[in-house]
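Participant: Next up is a structure, given as structure tokens.
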Amino acid sequence: MIVETNTVRFDSITLDSGAELAPVDVAYETYGQLNAARTNAILIEHAFSGDAHAAGVSPETGKPGWWDNMIGPGKAFDTNRYYVICSNVLGGCRGTTGPASINPATGCPYAMSFPVITIGDMVRLQRMLVDWMGIPKLLSVSGGSMGGMQALEWAVACPDRVVSAIPIATTARHSAQQIAFNEVGRQAIMADPDWNGGDYYGKQPPGRGLAVARMIGHITYMSDDSMREKFGRRLRGKENFGYDFDVDFEVESYLRYRGSQFVNRFDANSYLYITKAMDYFDLTAGRGSLGAAFEKVLARVLAISFTSDWLYPSYQSQELVRALRTRNCDVAYVELPSNYGHDAFLVDVAEQTDLVRGFLANTFEKIQ
Amino acid sequence: MHKKIPAFVRELLGRRDYAIIGELVEPGTKVLDLGCGDGELLKWLADNKGVDARGVEISSERVQRAISRGVSVYQGDIDQGLKDYPDQAFDYVILSQTLQETRHPRQALTEMLRVGRRVIVAFPNFGHWRMRVSMLLSGRAPRTKLFPHAWYDSPNIHFLTVHDFEELAALEGLIVERRYFLAGADEVRALPNLLAEVAVFMVRRP
């Protein structure tokens, strides 16, 4: 299934900060067919470093989408039954307007003059996309990690626009530890002299800082078990220690490789802005409690967490599920056993598939 | 003294207590099943009675199967799990074959009556004559066909009889709206504390 990324331009968007962006582009992909009643649309939300290419094969890169194991004919998000949409988030660097985009007022990239964005702003832009598509109500909004935050934000901000939400391995508010890891990543980028106050477009980008940030990220996405299983103490291409600071261990090689790969596909300033949006995310802010935040939620919710995920631990999913229960919302929750850490929602999808398939089928049945 | 139950309530999903619960629950109501296992009773109630079905279950595997069949089940502990729900959130709260496994049965019952207008409890009757005989003759923790567990493997941590439950209901000032006593597939009409293997009660606050 070859899928192309499309882009739509809107005149402007007003952000939570009060700033206005004009114009604003959204990159998106769709899979499957919208039914005549327009009731089978599902919005997939990508995580921090994802993009609109969630499924199928990109004609550009030849690569499968980041959730291709979950989206497609007969898969969890069954494109024979549902119309699946995925868009790149606001502030991203994969087609949607972000800090690397040209500021029409100056003719130069926004860089650090790009306004600070929030998860709420990302959802506001997605709502513009869904409105433009003429979809009155989404059958479901689903995503893992930062994608789960957007799914929750949809259920809270647009209660009459979502029938169900599937937040996976996520939280209703970023914790101190989560903010801390993001801050280390940001500081790594900003400590790279090539970052140059964010003004590096057309010059040498801060690749070293961005690679270090990504290496830290990858550690938090795995688990002690999965790293022991995958790398152990194995040496990379050698029998003995090198007694120098080249790569000795497999795990070093892996992290360096993932770091250097990331530099080719991700903008350092997007890293700063998107992690900031995650850190600002707190559904209780201005509402007093999570229960109050969920007061108007109408969506059925399926929340999933993973036993070995220490970046978005199960207690965070349980907290939001319990708050939904205090509102007597229709909520299902399970903690799936997995060794893969936070990455589980991307790679350990067998059980997740059964859950999502059953939940969606039942949700779709209920609105018929 | 054993009267046959009409065929349609004899068995539901292979269980007689389910058949009675299936009969008791009014269509279109909100139901919470505690310790709902794979969610098969909830699924049946949703499909056949159009109820809004929710469940709580501790086992991750069973919760997965329940959600996969389209039932909204929350993975959690019954003793802890009820306190999140608002008062009178459900028309029925069901506790099937689990009361004897809860750590604090009286507290569980009180909480169930807080979140539900009616509570349906099904439990094995430890007053059944076979239990009494087993204990009397063996001098050991009773083991019967219905209770095959060795004492150290048993999930049952409270041993209650029909009389015991009636007493607790009276102590709590509950109205017993229905009571059913079963032995095998048959309904027990007399001496239930001696003859019933399973008891099903529907109670509510006055």
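Participant: Give the lysines whose C-alpha is closer than 23 Å to that of residue B:145, dropping any in the same chain fewer than 8 places away, or say none.
Facilitator: B:3, B:4
Participant: Okay, next question. So if we plug the beta-carbon distance of residue A:296 and residue A:35 into 1/(1 + (r/R0)^6) with R0 = 45 Å, what FRET efficiency do we get, rounded to 0.05?
Facilitator: The pair residue A:296/residue A:35 has a calculated efficiency of 0.95.
Participant: What does the convex hull of the Cα atoms of the protein assembly as shown come to per residue, in Å³, rounded to a whole number?
Facilitator: Considering the Cα atoms of the protein assembly as shown, their hull volume per residue is 181 Å³.
Participant: Please arrange B:111, A:29, A:60 by counting, for each residue, the other beta carbons lying within 10 Å of its beta carbon, fewest first.
Facilitator: Arranged by neighbour count, lowest to highest, B:111, A:29, A:60 become A:60, B:111, A:29.
Participant: Would you grab the residues whose amide H sits under 5 Å from the one on residue A:116? Only those 5+ places off in sequence or on another chain, please, with H modelled 1.01 Å from N.
Facilitator: Answer set, sorted by chain and number: none.
Participant: Right, another one. Taking H as built 1.01 Å from N, whose amide H comes closer than 5 Å to the amide H of residue B:118, not counting residues under 5 places away?
Facilitator: Residues meeting the amide H criterion: B:92, B:93.
Participant: Going by how many other Cβ atoms sit within 10 Å of their own, how do A:70, A:1 line up, fewest first?
Facilitator: Going from sparsest to densest Cβ surroundings: A:1, A:70.
Participant: Ratio of Rg to Rh for chain B, alpha carbon only, Kirkwood?
Facilitator: Ratio of gyration radius to Kirkwood radius for chain B: 0.95.
Participant: Any idea how far the Cα center of the stretch A:203-245 sits from the one of the stretch B:22-37, in Å?
Facilitator: 52
Participant: For A:366, B:145, which order do you get if you count the other beta carbons within 10 Å of each Cβ and list the fewest first?
Facilitator: The order, fewest Cβ neighbours first, is B:145, A:366.
Participant: Another question, if that's okay. Once you have the Cα-Cα distance between residue A:80 and residue A:261, take 0.36 nm times their residue separation minus that, and quote the gain in nm to one decimal.
Facilitator: Once the chain is fully extended between residue A:80 and residue A:261, it gains 61.8 nm.
Participant: For the stretch A:238-342, run through the GluC sites (Glu not before Pro) and keep only the ones in DSSP coil with at most 15 other Cβ atoms within 10 Å of their Cβ.
Facilitator: Filter output for the stretch A:238-342: A:239, A:295.
Participant: Provide the per-residue ³J(HN,Hα) series for the stretch A:56-66, in order, calculated from phi with Karplus coefficients 6.51, -1.76, 1.60 and θ = phi - 60°, each as a whole number of Hz, with x at glycine and proline positions.
Facilitator: Couplings: x, 10, 6, x, 6, 9, x, 9, x, x, 5 Hz.
Participant: Using only helices, what value at 222 nm comes out for chain A when you add -39,500 (n - 2.57) per DSSP H run of length 4 or more and divide by the total residues, to the nearest 500 deg cm²/dmol?
Facilitator: Roughly -11000 deg cm²/dmol at 222 nm, from the helical runs in chain A.
Participant: Next up: How large is the helix-only mean residue ellipticity at 222 nm for chain B, computed as the sum of -39500 (n - 2.57) over DSSP H runs with n ≥ 4, divided by its residue count, in deg cm²/dmol to the nearest 500?
Facilitator: Mean residue ellipticity, 222 nm, calculated: -9000 deg cm²/dmol.
Participant: Say R0 is 56 Å: what FRET efficiency, to the nearest 0.05, do residue B:106 and residue A:203 get from their beta-carbon distance?
Facilitator: 0.15
Participant: Considering all alpha-carbon pairs of the stretch A:178-276, what whole percent are spaced by more than 16 angstrom?
Facilitator: Percent of Cα pairs beyond 16 Å in the stretch A:178-276: 60.
Participant: Here's a follow-up. Normalising by the residue count of the stretch A:292-368, find the relative contact order in percent from Cα pairs under 8 Å and 6+ residues apart.
Facilitator: Value for the stretch A:292-368: 34 percent.
Participant: For residue B:83, go through the aspartates and glutamates and keep the ones whose alpha-carbon is under 17 Å away, minus same-chain ones fewer than eight residues off.
Facilitator: By straight Cα distance, residue B:83 reaches A:319, A:330, B:33, B:57, B:91, B:111.
Participant: Filter A:366/B:30; A:366/B:49; A:63/A:366; A:296/A:366; A:276/A:296; A:296/B:30 down to the pairs with a C-alpha to C-alpha distance above 25 Å, please.
Facilitator: From the list (A:366/B:30; A:366/B:49; A:63/A:366; A:296/A:366; A:276/A:296; A:296/B:30), the Cα-Cα distance tops 25 Å for A:63/A:366; A:276/A:296.
Bear in mind that the values in this text are calculations on the coordinates, not laboratory data. Just so it is clear, the structure is predicted and the values come from calculations on it, not from any experiment. Quick reminder, even Gly has a Cβ in these numbers, built from the backbone with ideal geometry, and neighbours come from all protein chains shown.
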